[in-house]
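Here the structure comes first, spelled out in structure tokens, and everything after it is commentary.
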Amino acid sequence: MSNVTLKFLGSGDLFGSGGRLQTCIYVESGSTRFLLDCGASSLIAMKRWGVTPTTIDTILITHLHGDHFGGLPFLLLEAQLISKRTNPLTLAGPPGLESRVREAMEALFPGSSQMRPKFALEFIELPEREATKIGSLIVTAFRVIHASGAPPYALRVEFGDKIIAYSGDTEWTDELIQAATGVDLFICEAYFFEKRVKYHLDYQTLLAHRAELGCNRLILTHMSEDMLARLDSLEIEFAEDGKEVAL
């Protein structure tokens, strides 16, 4: 199996806390290159960290909020008008992904959703708790708790002999245990340090459930200013823009 490199191109929240870019996680293993989420600032992030958008063959979306899928209109237009992409691209995520992407394109760039790309573009709606083969990936979606107008997912991604899971945005749910058990790396949001709010995880709750997760490695992401002010006190590894992880 080829070495696996994961890079946090963006590790921030909706509000750009700490000046961080929005969620965009790049994974490379041999000829396989995919993204976990594609927030609105993702094209900027890719160019900042030297990732060529045309080399990405799959983008997996956890839920339909702008800081997690809002970069897709920009990426698709760049592919058609600037880089002249010819290789296929697969976008996979919750039910409603294609319609939301096309609606976003029309809202941001009227007429753009009617453009015919010169590359094969496939949308895949991921079913819950069913392993779905996408190229060299096997993706399983677990429904979590986050209001986004469509089912929100945590994603478990298997490729070769490696497994990565990502929580997306959610309050605590035992679905995270199912997603994370036995994975090489679990990436999990920790929005607040101890304040409990609907639809988001806080660090103290996650810490209390740490042993149940059963993952080999855990990295926190999607942190608010509250969390960023406490980085020195954290007992769990955390992401930052540009952080690279070898698996």
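Overview of values
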| read-out | value |
| --- | --- |
| Among beta bridges that DSSP assigns inside the chain, antiparallel share in %, nearest 5 | 55 |
| Choice from Q22, Q114, Q204 with maximal GNM fluctuation in the chain (Cα, 10 Å cutoff) | Q114 |
| R0 of 22 Å, Cβ-Cβ distance A131-E235: FRET efficiency to nearest 0.05 | 0.10 |
| Whole-Hz couplings from phi, Karplus 6.51/-1.76/1.60, listed for the range 171-185; x for Gly and Pro | 7, 4, 8, 5, 4, 5, 5, 4, 5, 9, 4, x, 7, 6, 8 |
| Separation of alpha-carbon centers, the range 193-237 and the range 123-189, rounded to whole Å | 18 |
| Links that overshoot a 29 Å alpha carbon limit, given the list K47/K162; K7/K84; K162/K195 | K162/K195 |
| Efficiency of FRET between F109 and Y199 - r from beta-carbon atoms, R0 30 angstrom, step 0.05 | 0.55 |
| Dimensions (Å) - the range 179-247, Cα atoms, principal axes, largest first | 29, 28, 21 |
| I134 long-range amide H proximity, modeled H, under 5 Å | V139 |
| Most fluctuating residue given options D37, D161, D184, as computed from a GNM of the chain linking Cα atoms under 10 Å | D161 |
| Table column - 3J(HN,Hα) (Hz), the range 85-92, Karplus curve with 6.51, -1.76, 1.60, x for Gly and Pro | 4, 10, 7, x, 9, 10, 10, 10 |
| Whole-percent pair-distance distribution, where bins are 5 Å wide, for the alpha carbons of the chain | 1, 7, 15, 19, 21, 17, 11, 5, 2, 1, 0 |
| ³J(HN,Hα), Karplus 6.51/-1.76/1.60, whole Hz, each residue of the range 98-105, x for Gly, Pro | 4, 5, 5, 5, 5, 5, 5, 4 |
| For the range 4-246: relative contact order, % (alpha-carbon pairs under 8 angstrom, 6 or more apart) | 18 |
| Placed amide H near Q22: partners under 5 Å, 5+ positions off or other chain | G12, S41 |
| Net dipole in debye of the chain [+1 Lys, Arg Cβ; -1 Asp, Glu Cβ; about Cα centre; nearest 20] | 780 |
| The range 180-236: GluC sites (Glu not before Pro) falling in loop per DSSP and having at most 12 other Cβ within 10 Å | E194, E235 |
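FYI, it's all coordinate maths here, none of it is from the lab. Since we're looking at a predicted model, the values are computed, not measured. So basically every Cβ, Gly included, is an ideal-geometry build from the backbone, and we count neighbours across all protein chains shown.
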